[in-house]
Structure formats: structure tokens, C-alpha cells
1. In region 115-165, how many are outside any loop (DSSP other than H, G, I, E, B), surrounded by fewer than 19 Cβ atoms within 10 Å (Cβ to Cβ) and free of Cβ contacts under 8 Å to residues at least 60 places away in the same chain?
2. Suppose we keep only residues that are touching a residue at least 24 places away in the same chain (Cβ under 8 Å), in a loop (DSSP other than H, G, I, E, B) and not small (Gly, Ala, Ser) within region 1-19. Which one would you say is surrounded by the most Cβ atoms within 10 Å (Cβ to Cβ)?
3. Take ARG152 and tell me if it is over 18 Å from CYS21 (Cβ atoms), among the basic types (Lys, Arg) and outside the structural domain of PRO325 (by TED's automatic domain parsing).
4. Confirm whether ASP337 is surrounded by 19 or more Cβ atoms within 10 Å (Cβ to Cβ), outside any loop (DSSP other than H, G, I, E, B) and out of contact with any Leu (no Cβ under 6 Å at 6 or more places or on another chain).
5. In region 369-394, which residue that is more than 27 Å from GLU224 (Cβ to Cβ) and surrounded by fewer than 17 Cβ atoms within 10 Å (Cβ to Cβ) is nearest to the chain's Cα centre (by Cα)?
6. Take region 43-57 and flag every residue that is in a helix (DSSP H, G or I) and either without any contact (Cβ under 8 Å) to a residue 12 or more places away in the chain or within 21 Å of the chain's Cα centre (by Cα) (or both).
7. Return the residue satisfying two criteria in turn: it lies in region 1-47 and is at pLDDT below 95 and not aliphatic (A, V, I, L, M), and of such residues it is farthest from GLY260 (Cα to Cα).
8. So for region 101-108 (the condition being touching a Pro at 6+ places or on another chain (Cβ under 9 Å), assigned by TED's automatic domain parsing to the domain that holds GLY31, outside any strand (DSSP E or B) and farther than 30 Å from ILE330 by Cβ), does at least one residue qualify?
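The values are calculated or read from the model by the stated rules, or taken from the named source; none is laboratory data. Just so it is clear, the model here is predicted, and its values are computed rather than measured. For neighbour counting, all protein chains shown are included, and Cβ atoms are generated from backbone atoms with ideal geometry for every residue, glycine included.
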Amino acid sequence: MPRPTLSVIGLGYLGATHAICMADLGYDVVGLDIDAARVEALANGTVPFFEPGLDELLNKVLPTGRLTFTTSYDDVAAADVHFLCVGTPQRKGENAADTSYVDAAVASLAERIGKPCVVVGKSTVPVGTAERVAEQFAGRDVELVWNPEFLREGWAIEDTLHPDRLVFGITSPRGEEAMREVFAPIIESGVPVVVTDLATAQLVKVAANAFLATKISFINAMAEVCEVVHADVKKLSEALSYDERIGGRFLHAGLGFGGGCLPKDIRAFMARAGELGVDQALSFLTEVDAINQRRRARMVDLTRGLLDDSLSGRRIGVLGAAFKPHSDDIRDSPALDVASRLHGAGAHVTVYDPAALANARRDYPALDYAESAVEAATGADAVLHLTEWPEFVQMDPAVLGAVVRQRNVVDGRNALDAARWRAAGWHYRALGRP
């Protein structure tokens, strides 16, 4: 029996990764995006964002002919299974998610479908969106399934091919059967499958992100307390992590979360809860978000305190621009937020990041940039560690110590070896630590 043919609509981070990985599993895949430059780059073997290993995987599957790219919906109409992977950014000036890209993709696809098929939503959407999408396919032989994604930037290939779980939101056995067929190579490896309804499937992703954001903000709230009583949040976290009910993952105090998922997803979740009349159920997420934002302000205060309460004219070297290591994503980046606040306070700020410099230069042109950590730190009155790239965690503090004006370091990620930096003559400060 021949394998189903696939289309992937939307070739951003999620869609490009999904298309490449499914082609690697042996499926014929057509990837579609309305951005012609993105389509051209992918067709020529270049992934238009940084993700470890994805360029290599793309260039492995392109010669097979199983993976092609297009800007035309006419080229995907014949696929057996269509994956919707378009973005749902936060609406400007609001907390709610912007689902206009989903609506546009569905409308364009619905116009061209002329055969029985399955449409699989992977985009993170407000609960109720899938039901509205289903209405747009009314009268056509289309089975709608919702299959939320759980990709971690920096681990996207692993999370696609070896996920923690697969969730299928279905309306009939036909949808489950189709999903089990498409994901057979992954399911056969022992990956758990959760089959549920559309509403629950839509909630899974936002609920997971809300939980993770809450856990991060909890330990950062403890860091605020630790700073007042002169306790060590890193040791507190370590002690808590041995409790199996709590665990150590996402229990690391620091500058907090950013990126294109957690911040906008928890805000959209709150907005949707308000629309549904259950906003009180998620009111705690308002404080989760507030704690996260306070960490950025506290980072600026720590830096100011090291420099005799004055940032004006001071030279600051910032290590990190991406919101997390192994990524070039600067969406809602805590590192660049802090750098911008310092710049606004009159400091001369120079930023270095191993992967995100091009994006940072584009979106934050007022800042200065360097091509290495040493260059960023040269002449600095303080060095801020804001994205925990291995390059920064493992660097020799004596190397930077030779080029700075003052040996002040603020560890925004609690990832540097404090004893090692202090032994090298640095005044070391970190969030939530003595």
C-alpha cells in the first residue's frame, strides 16, 4: 500500500522542520509558504533560521526528490494529508493570538481541495479555532485532526522524530487511522499516543507552556526572596529538585523565559479564558508574566549597583542575544531587552552572540555588536552573561579579564562557575544568590 503524500503549509520554524523530517522518514512532501524568498532558500538547501543539524538533513533529503517547495496552493491540492503549520503571533496591542494566518491558509486550501483528504492542524491556536476551521471545510470530504507540536528550539529534529508523546484530536475513527498511518515510523519506536477530542488537543500545548512558565516563574519568585534574606536560589533549586513530585527541569532561576512561544502563549491563553468567561481560572498567569518581566528589571538594577549606581557612559559587554542557546530566535529575548534598557539608561552596550547577531542587528540597530566575546568585553566596566551558550559557560574568565576595564560580571543565567570567576579576580553577581 503506497504511503500517503503530504503537504506542509507554512515553512517557518515548525513547518520547515516538519517537512524536512517527514521527507527523511520516506514520505513525499510538498512544503508551501507565501514568502518566495523562504521557499527559494529551502529549495536551494538553506534553512532560513538556525537549528542545529537541520541544514544537513535538508541537503540529505533534497537529492531524493521526495521534498519540494512551492508558493502555489495549486501544487499541494493533490496531497492526501495537509499539515497546517502557520504562525499565530500575538496581536499588536493585545494579548490575544492572531489567527488570521490560519484562516487565510484554510480558505486558500479549501478552494482547491477536490479529493478526500485529511487536514491536520499543528499551529498553536486558541481553543475553539479547530471547530471554526472544520466549518470552513463543510461540504467537502475532509477529515480534520488537531496534532499539537512540542518542539524545543535547538532540539527540533529530535523532538519531531522522537517526541515525548503524540496527541491526536479527532472527530471520528477515520482521523485516528490516518494519523496512525502517517506517524507509523514514530509510533513503532514506542512513542505514547494520546487520542482525544479537538478541544482537549488544542488545550494541550497552551496548558503545557503555562505549566512550564509557572515553574520558571516560581523559582524566580524564590530568587526574589533569596536576594532579600541572602540565601542561594541555586542551592534551593538543587534541594527541591530531588523531590520527585517537583523535579529539576525548568527549575533554574535566572533571567526568565522569552522566545516565540511561552510569553505569547500564556497571554493568548489568558485572553481566550476571558472570552470564555473563565478568566479567574488563569488569573495566576498574570503574576507569572509579571515575575518574568521583573527579572529583566532586576538585572539592570544589579548592573547599576556594581557601577556605583550610575550607568551613564559606562561600557557594558553583553554575552547573548538569542532568547536561549542553540537558536538564533530573538523574539521577546530577555537578553536584548536588558541590553536595550541599559542603552536607554545611557550605557554604551556591545552585544555578541554565536548565532543571533544578524537578527539582533536588524531589530535592535541602536546597540553595538561584536564578532566575539573578547571583542564585546574589551574596555567594559561590566560583562553580562544573558544567554547560556556553552561557549560562554566554558570560557576562561582570565581571557576576558585581560581586556575589560573592570572585572565585574553579572550572571543572568546562574550558569557560570562563581568560584572560578571570583578566583580570577572578578566581582561576581547573579540573580537570587549572595
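1. 5
2. Among those residues, the one meeting the criterion is LEU11.
3. no
4. yes
5. PRO390
6. Filtering region 43-57 for residues in a helix (DSSP H, G or I) gives 43, 54-57.
Matches in region 43-57: LEU54, ASP55, GLU56, LEU57.
7. Per the stated criteria, the residue is PRO2.
8. No, region 101-108 contains no residue that is touching a Pro at 6+ places or on another chain (Cβ under 9 Å), assigned by TED's automatic domain parsing to the domain that holds GLY31, outside any strand (DSSP E or B) and farther than 30 Å from ILE330 by Cβ.
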